[in-house]
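Working notes, beginning with the structure itself.
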Amino acid sequence: MINLENISFDHCIKCTVCTIYCPVARVNPIYPGPKQSGPDTERLRIKNPDLLDESLKYCSNCKRCEIACPSDVRIADIIQTAKWKYSPKRFKIRDFLLSHTDLMGTLSTSAAPVVNRITGLSLTKSAMEAFLNISSKRRFPAYEPGTFRRWYGRMKSEQEAFSEKVIYYHGCYVNYNDHELGKTVVRTLNKLGVGVTLIPEKCCGVPLIANADLPGARKNARYNIQSIETAVEKTHCSVVSTSSSCTFALKHEYPGLLEIDNSAVFNKIHYITAYLSRLFAQGPVPELQPVNLTAAYHAPCHLERMGGVIHTLDLLSNIPGLKIVLMHSECCGISGTYGFKKECYDIAQDVGEELFKRIADAAPDIVITDCETCKWQIEMSTPFRTVHPIMILAQSLGVYTF
Amino acid sequence: MKFDCIVVGGGVAGLTCALKCAEEGLRTAVVSSGMNALHFSSGSIDVLGFGGDKKIVYDPFDDLHEFIKEHPGHPYSKCGGVESIENAIRFFREKIRENGPDLFYNGRRNHFSVTALGTLKPTYLSQKSVFNEKLKEVFSRKPKIALLTFEGFRDFYPALAAANHKRTPMIRDCELVTGSVALPESVTTRKNPHEFRSIDICRLFDSERGIETIAGRIRDAAAGAEIVGIPAILGILHYDRIHHRLEELTGALIYEIPTLPPSILGMRLDNALKEKYAELGGLLIAGDEVAGGEFEGGRLASIRTRNYGSEEIKADCFVLATGSYFSRGITSKFDDMKETVFNFQLEYELPRNKWRRSGFFDPKSHPFLEYGVKTNDLLNPFTQSGTCVENVFCAGAILAHYNPVREGSGSGVAISAAVAAASRIASHCRRG
């Protein structure tokens, strides 16, 4: 029997518009594009899973096909589901390591300097490429010693004194790789009169989805939504996140792809710039110091998918002296764990080439982007320092100095 | 979030209107769901191609005076007069030229562009790779014409186009040859031949690899023809340079013929509009869908979207440019139809057997094409209870009382109504 629950592929009119806007199809002639990998072959796969095409692995789940589709087909969701549902369930150590960001983070932060040194060695890189199919050309993100949560533990009582509070879903990146961003978020919100609360959380599931572990992603999603629901019910606080992809998962991938109901808290979860731009709109706008920089702004794919770009631009527009050069809507190529894989590295760099060129043309003092993996990609592929928009705001508020 | 103007719909009408609003200094956002119908269009801009009884219109702006008198409910009669329509089309041409192709126009007169089937169609603006002064001059000498395609491309058939060319008085007496050109193997590595579409060949041209080889093969296949028609695939980025280079290398005049979707010609216009709009500081919320609006005292105060959930987006004025059935601006059900976003009043008929005529190609065309949102003379729509919503303006295919197919007026109406709406919004916002 064919399951008729998700037949959004049936709305596909074969117009090929998705394939035009697919960054991977643009540079990789072996990938037939989202139309064929998604709705076209889904018709065949539901009849006979043997018709699975291995080229599905080239889809980076950037979601640009869904933004482009005039017929509202959930093309990327169809592809991610098919990757998991129809492919042989072989354990791949590489995909396991890449997708379990919280486990890797916990292990690595305990010996961060050693881990960073080892992953930076060319011998390690060659070994990882030979045995794990992780590209030796990719620069690995550095781990920090200890966790952001541990730092927060020392701040807890101070934070609880604020009458207005928000829950911060920090995600794996802030917890293991970039404590500075997390600390800056706390200081920024404090400066605006808002205290920060943490709640129990697991990895949002984005890397698990990308590596075809939907059951694993679902487990994390259930955990996170339950944790958020409990906290929101008790405190009525909003939940903010500084990762565009985490926010996208919490709000949109959970109900859309993972079929986890988040409707009770959907309107409480905000990407940080959405929360802050609303705070600013309610007024009074705090006193902001000039930040005299020319910044190239790159909008991450998942932020575009959820319409969050205008919040970031709106927030940044408050900062005096800051000159934003908007980069053409384009994928940077890395797509989370995608650009780490040996078979995808060159594709990722080809996809990003146009963006790197445009950034170089803009000759900025700094690059701003909302996504941690876009940051890795841009910092590895261009000579420019890349920061989260909150870092710029913090500078303007006087709670952070470059 | 609060804007001066929110445009719902990101097609020709929506983008042109938003561009004009942004240029007037208004804080503007466009909410669009999916890419627009330019991706399915000829990439030429029609103002008025056919009068009554399918008579060809040669001077659209002259004929519009009479046309407006005869069609008082037509969108053209709500755009502030023929001069405003002419200005709107000029505005569009000038803005497109800044970031996109230079558009050919034949003074105030229409010219003819070739369709994917090889028939000719009157139109007002065409890209210069489609029609230009040189082509116009050589065509008048009845030259030898070659119609060529690329091997493996399934969306253009030279023999079919040639057969239709032969039925056209203007081309009938020309010598016609047809053929197909193989693309260099080194640059065509598509695994699946069924996925070889206009965009794939277009990307090959944009990479500018193997142009000399391709040009050589075009020259051979053209067998001495003075003019060579090829499917419109000469790039989205470097089309001007590639077009000139091909003409230089082949020694022939080359014209692009619109293909089946995706339309590369249409995408060039889409890119040009979006880039100009972004340059002016306009914001685009793509891949979202408006889920409804909040009305206060007969005005639309805010909208909600699928992605933003309960977050309201407020504006002084709104534009409804969601398109017709194809773009889902109007939803038709078995026994009724509805304006999708705000449920504004539609002008249409019931029961459904009145929606169409029995012949598919009936010369009077089909009534359903003229159904759309009911508006007053200022393009303001009406709620179901009959209230005129004065801060909402409608533009493009969502409008009632015109038949873009029969009249050859689709893009002209979209642009004229968009610019008229933007001017009204600008003065509305200035009044405060």
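The values are calculated or read from the model by the stated rules, or taken from the named source; none is laboratory data. On a predicted model such as this, the values are computed, not experimentally measured, just so you know. In this analysis, Cβ positions are derived from the backbone assuming ideal geometry, glycine residues included, and neighbour counts consider all displayed protein chains. Please note that ligands, DNA and RNA were not included when accessible areas were found on the heavy atoms of the full protein model with its side chains. Shrake-Rupley method; radii C 1.70, N 1.55, O 1.52, S 1.80 Å.
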Can you name every residue in the stretch A:150-178 that is out of contact with any strand residue (DSSP E or B) (no Cβ under 7 Å at 6 or more places or on another chain), surrounded by 15 or more Cβ atoms within 10 Å (Cβ to Cβ) and not in a loop (DSSP other than H, G, I, E, B)?
A:W151, A:Y152, A:M155, A:C172, A:Y173, A:V174, A:N175, A:Y176, A:N177
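Give the residues of the stretch A:233-242 that are β-branched (V, I, T) and crowded, with 19+ Cβ neighbours inside 10 Å, sorted by residue number.
Matches in the stretch A:233-242: A:V239, A:V240, A:T242.
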Residue in the stretch B:295-329 that is farthest from the other protein chains (Cβ to nearest Cβ), counting only those that are surrounded by fewer than 21 Cβ atoms within 10 Å (Cβ to Cβ), at positive phi and among the small types (G, A, S)
B:G298
Determine the pairs where a residue that is under 17 Å from B:F139 (Cα atoms), located within the stretch B:171-183, has a partner that is part of a strand (DSSP E or B) and open to solvent by less than 30 Å² (accessible area, probe 1.4 Å) with Cβ atoms under 6 Å apart, the partner being 6 or more residues away or on another chain.
B:C174/B:I145; B:L176/B:I145; B:V177/B:A146
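Is it fair to say A:L123 is more than 30 Å from A:I225 (Cβ to Cβ), without any contact (Cβ under 8 Å) to a residue 40 or more places away in the chain and either open to solvent by 10 Å² or more (accessible area, probe 1.4 Å) or not in a helix (DSSP H, G or I) (or both)? Give the derivation first.
Numbers: more than 30 Å from A:I225 (Cβ to Cβ): yes; without any contact (Cβ under 8 Å) to a residue 40 or more places away in the chain: yes; either open to solvent by 10 Å² or more (accessible area, probe 1.4 Å) or not in a helix (DSSP H, G or I) (or both): yes.
For A:L123, the condition - more than 30 Å from A:I225 (Cβ to Cβ), without any contact (Cβ under 8 Å) to a residue 40 or more places away in the chain and either open to solvent by 10 Å² or more (accessible area, probe 1.4 Å) or not in a helix (DSSP H, G or I) (or both) - is met.
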Counting only residues that are of a type in the set (S, T, Y) and in a helix (DSSP H, G or I), how many does the stretch A:353-387 have?
2
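Condition first: more than 14 Å from A:N224 (Cα to Cα) and free of Cβ contacts under 8 Å to residues at least 60 places away in the same chain. Now tell me which residues in the stretch A:260-277 satisfy that.
If we filter the stretch A:260-277 for residues that are more than 14 Å from A:N224 (Cα to Cα), which is where we start, we get A:267, A:270-277.
Correct list: A:N267, A:H270, A:A274, A:S277.
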Just to confirm my filter: which strands (runs of 3 or more DSSP E) fall fully inside the stretch A:247-326 and include at least 2 residues that are small (G, A, S)?
A:294-298
Kindly indicate the residue of the stretch A:26-46 that is surrounded by fewer than 23 Cβ atoms within 10 Å (Cβ to Cβ) and in a loop (DSSP other than H, G, I, E, B) and also farthest from the other protein chains (Cβ to nearest Cβ) among those meeting that condition.
A:I46
Total residues in the stretch B:259-278, condition open to solvent by 10 Å² or more (accessible area, probe 1.4 Å) and in contact with a Leu (Cβ under 9 Å, 6 or more places away or on another chain):
5
If you check B:F91, B:F3, which single one turns out to be within 14 Å of chain A (Cβ to nearest Cβ) and of a type in the set (A, V, I, L, M, F, W, C)?
B:F3
Residue list for the stretch A:140-149, restricted to those being hydroxyl-bearing (S, T, Y) and open to solvent by 80 Å² or more (accessible area, probe 1.4 Å):
none
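Does A:D72 satisfy being out of contact with any strand residue (DSSP E or B) (no Cβ under 8 Å at 6 or more places or on another chain), at pLDDT below 85 and within 14 Å of chain B (Cβ to nearest Cβ)? Even if it seems obvious, please write down each step before you answer.
Numbers: out of contact with any strand residue (DSSP E or B) (no Cβ under 8 Å at 6 or more places or on another chain): yes; at pLDDT below 85: no; within 14 Å of chain B (Cβ to nearest Cβ): yes.
When the stated conditions are applied, A:D72 does not pass them.
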Might you let me know whether the stretch B:183-197 holds any residue that is aromatic (F, W, Y) and surrounded by fewer than 22 Cβ atoms within 10 Å (Cβ to Cβ)?
yes
Please go through the stretch A:47-86 and pick out each residue that is open to solvent by 30 Å² or more (accessible area, probe 1.4 Å) and within 21 Å of A:N133 (Cα to Cα).
A:D53, A:E54, A:K57, A:Y58, A:W84
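Being more than 17 Å from B:M35 (Cα to Cα) and either in contact with a Gly (Cβ under 6 Å, 6 or more places away or on another chain) or within 11 Å of chain B (Cβ to nearest Cβ) (or both) is the filter here; which residues of the stretch A:12-25 pass it?
If we filter the stretch A:12-25 for residues that are more than 17 Å from B:M35 (Cα to Cα), which is where we start, we get A:24-25.
The one that is more than 17 Å from B:M35 (Cα to Cα) and either in contact with a Gly (Cβ under 6 Å, 6 or more places away or on another chain) or within 11 Å of chain B (Cβ to nearest Cβ) (or both): A:A25.
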Using the structure shown, decide if B:I264 is of a type in the set (A, V, I, L, M) and in contact with a strand residue (DSSP E or B) (Cβ under 9 Å, 6 or more places away or on another chain).
yes
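Out of all the residues in the stretch B:140-151, is one or more within 27 Å of B:F196 (Cβ to Cβ) and loosely packed, with under 14 Cβ neighbours inside 10 Å?
So the first thing to find is which residues in the stretch B:140-151 are within 27 Å of B:F196 (Cβ to Cβ), and the list is B:145-151.
From what is left, the residues that are loosely packed, with under 14 Cβ neighbours inside 10 Å are B:151.
For the stretch B:140-151, residues within 27 Å of B:F196 (Cβ to Cβ) and loosely packed, with under 14 Cβ neighbours inside 10 Å: present.
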Of the conditions (1) more than 11 Å from chain B (Cβ to nearest Cβ); (2) at negative phi, A:N262 satisfies every one except a single condition; which number is it?
(1)
Can you tell me which residue among A:Y271, A:Y223 is under 21 Å from the mean Cα position of the chain (by Cα) and open to solvent by 20 Å² or more (accessible area, probe 1.4 Å)?
A:Y223
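Among residues belonging to the stretch A:293-348 that are without any contact (Cβ under 8 Å) to a residue 24 or more places away in the chain and within 15 Å of the chain's Cα centre (by Cα), point out the one that is nearest to the other protein chains (Cβ to nearest Cβ). Break it down into steps so the answer makes sense when it comes.
The initial filter retains those residues of the stretch A:293-348 that are without any contact (Cβ under 8 Å) to a residue 24 or more places away in the chain, namely A:307, A:309-310, A:313, A:317, A:346.
Still in the running and within 15 Å of the chain's Cα centre (by Cα): A:307, A:309.
On the way: A:G307: 4, A:V309: 8 Å.
Per the stated criteria, the residue is A:G307.
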